[in-house]
Structures are given as C-alpha cells and as structure tokens.
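See structure below.
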Amino acid sequence: MSKLLVFKPNITPGDMNPHFYPDFATFFNAPYAFAYEDSCFYYALSKDIPFNLLAIEEQKSKYTTLEDWIKNKFKATDIRPSVNQAGKFYKRMWHPSDYLLPELLISNPESYTQSLVVIELLIKKMNELFLTIEPTHKNVHVFGLKIRELLLLACMEVEASWKGVLKEHEYIKNSKQPWNTKDYVKLLEPMCLANYSLALRSYPNFLHFQPFSSWNPDQATQSLYWYNAYNKTKHDREASLHEATLLHAIHSVGAVVVMFCAQFGIPQKQSLFDIVISTFDISLEPCPERFYIPFRTRDTANPEFSDSKYCFKVDKDTNLEDSAMTTDT
C-alpha cells in the first residue's frame, strides 16, 4: 500500500481551467485533502469528493515527488504525513471516511448489539436520575448511592470497550500484571478520544464536556477524573461515597457514548441509538491524519481497503500503583 499525505489545498476559481478534471472544484475551499501514488501515477482526493468518482491523477514522470506534485497542482500547504497508509484501516477504530463502510469496523456483531443495548439502559437510568436531581451547576456535586450505581455501571462498560479494542488488536503488555489504565490510555491517540465533545440536549445550561480531554499517560488513572472517582468509590464506598457525584456519573455515561462512536462511528439513523441522539449532542474535531482513505487507482473499480492490527508501543516498566488501583475486583 502507498504512503498517504494530508495537505491544505489553496487553489482558486482561476486555477480551474479546462485541462483539469471537472471534480477539481471539490478542492476549492476544502479544509484538507489527501494524496498517494502507485508505480506510474500520483492521485489526490479532497475531503468532499463524491464516493463514486476516482481521484484526480497525473503521470509521475512530470514531477519528482508526490509532495512536489501537490505543491504545483494544488498550491498545497500544511503538508504532513498521514499516520495511516492509503488502503489501510483498523477494526473498532473509526475515523470519518465516506469511503469505508461502517460495518467493516465491526468484528463481532453480537458485541456491537450488546453495546447499543447497554448504552440505552445507562441513558434511561441517567434520565431517571434527572427526574429527581436537575442537572444544573448547583447540583453537579450532589452524591448518593443511586448515582454511585450509575457511575459504576458506566465505568464498567467503558472498561469493557477498552478491553475489546485492545483484544481486537492482540495487544500484549510486557508484564504479568492485569491490564490497567497504563494500558488503556494507549487508545487515547489512535482513537482521537480527546477530540469528542458532548452536551445534554434538554439541558443547555449544563456545560459541554470532553470526557477524555484530561487523560494523561503519566497519570493514567488520576487524570481521568470520573474514572478516578469510580475507582475510589468502588474500592472503598464508606470513605469515598462523596466521589459518586452527578457530574462524574454524567461524564462517565458520556464516556460510554464516546467509546462507542470512536469504535463504530456517530450513527445518524439507528433505532437503538435514537435515545443517544435525542439525549446527547455529539461533536468531533476531526483528525485528518488518521482518516481512512482508499487505495483506488485507474486499474481498480472499487475502493480498496484491508484491515490491519494496530501496533501499540510496549512499556518497559509498569506503574504498580496504577495497576493496584485498577485491577478488577
């Protein structure tokens, strides 16, 4: 498969003269575009190019490098390498792409359906709490046993998603310790978890939040505030019940939603997901360096993709304190 470059096209209407393909117009004002090559041609796709059209192409003999071509053809700036290769994708790691069918990301349909059902149950429990406790700024630090129940269930589901993704990619750690947040935090970058933002649709005064924006590999448990609260109240309810706050519970349910979307995409129409769309406003700041772009050339009728296993970095040393705090009990 070919290397992939991401760039900002800066062409103007005056650049769109007759010798260009008609769909060259899709590069005008495009926030980013993609380029790759095969043995004979250079290819470029804009973010908004229609699915059924081929990439713009040109013979390699006219230019020295792929980068040279996009600079001349598209006045490219902000050129950087993609993390992925053209034609490669990772199951259970979604990145916006009009070319990759979402169902290809699902490795186990039963687990996928179970995740949807669990999300529905958690949101129903959260909405039941809202009948008693209004999610306002004054109430975010309210705590109690029913709130603790929701916090525990939501964080257990987040852990299930973390484990599911690591298992999918055959993650192996350099230690006999059980998986813990030092392992789970390795999903932060490849899944762009910090880029997801949520809001409660029916409660506009409740602040937007990003469940994973504070996650830090150096403090993999403590920096994830709602998960740290879950850890404390799970292991010592009597001393840490006050950690089971409404704020932590809502953010943990949001984290469940983010983990689902980061695996399979943000569904627009799906019966079991209707309750999520009606409860949360979900937005994502794109990571174009991780978009899945097909390896599609003049010789291929359809976009070509193949799935790969993500290669995680293995730590030499394991933080025993984090391990002790996050081991399942």
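The values are calculated or read from the model by the stated rules, or taken from the named source; none is laboratory data. Computed from a predicted model, the values in this text were never measured in an experiment. Here the Cβ positions follow ideal geometry from the backbone for every residue, glycine too, while neighbour counts run over all protein chains shown.
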Of all residues in the stretch 161-182 being modelled with pLDDT of 95 or more and β-branched (Val, Ile, Thr), the one that is nearest to residue 256 (Cα to Cα): 165
Qualifying positions in the stretch 275-292 - within 12 Å of residue 202 (Cα to Cα) and among the charged types (D, E, K, R): 281
Residues being closer than 26 Å to residue 105 by Cβ and out of contact with any Leu (no Cβ under 9 Å at 6 or more places or on another chain) - total across the stretch 174-200: 7
Any chance residue 283 is of a type in the set (Ser, Thr, Tyr) and either part of a helix (DSSP H, G or I) or over 30 Å from residue 45 (Cβ atoms) (or both): no
Close pairs from the stretch 64-82: first on the phi > 0 side of the Ramachandran plot, partner surrounded by 15 or more Cβ atoms within 10 Å (Cβ to Cβ), Cβ under 6 Å, at least 6 apart: 75/10; 75/11; 78/8
Filtered residues of the stretch 272-304 (kept if polar (S, T, N, Q) and either modelled with pLDDT of 85 or more or assigned by TED's automatic domain parsing to the domain that holds residue 113 (or both)): 278, 279, 283
Test: residue in the stretch 219-232 that is at pLDDT below 95, of a type outside the set (Ser, Thr, Tyr), under 29 Å from residue 97 (Cβ atoms) and not in a helix (DSSP H, G or I): no
Failed item in (1) surrounded by 13 or more Cβ atoms within 10 Å (Cβ to Cβ); (2) within 21 Å of residue 285 (Cα to Cα), with residue 77 passing the rest: (1)
Filter result for the condition that a residue is in contact with a His (Cβ under 9 Å, 6 or more places away or on another chain) and at negative phi, over 36, 90, 43, 99: 90
Number of positions in the stretch 187-222 that are under 24 Å from residue 142 (Cβ atoms) and either aliphatic (A, V, I, L, M) or surrounded by fewer than 17 Cβ atoms within 10 Å (Cβ to Cβ) (or both): 13
Neighbours by Cβ (under 7 Å, 6+ apart or cross-chain): first from the stretch 154-176, closer than 13 Å to residue 308 by Cα; second of a type in the set (S, T, N, Q) and surrounded by fewer than 17 Cβ atoms within 10 Å (Cβ to Cβ): 168/107
Close pairs from the stretch 228-241: first closer than 18 Å to residue 157 by Cβ, partner in a helix (DSSP H, G or I) and of a type in the set (Phe, Trp, Tyr), Cβ under 7 Å, at least 6 apart: none
Matching residues in the stretch 255-275 - criterion: being surrounded by 24 or more Cβ atoms within 10 Å (Cβ to Cβ) and either within 17 Å of residue 141 (Cα to Cα) or more than 17 Å from the chain's Cα centre (by Cα) (or both): none
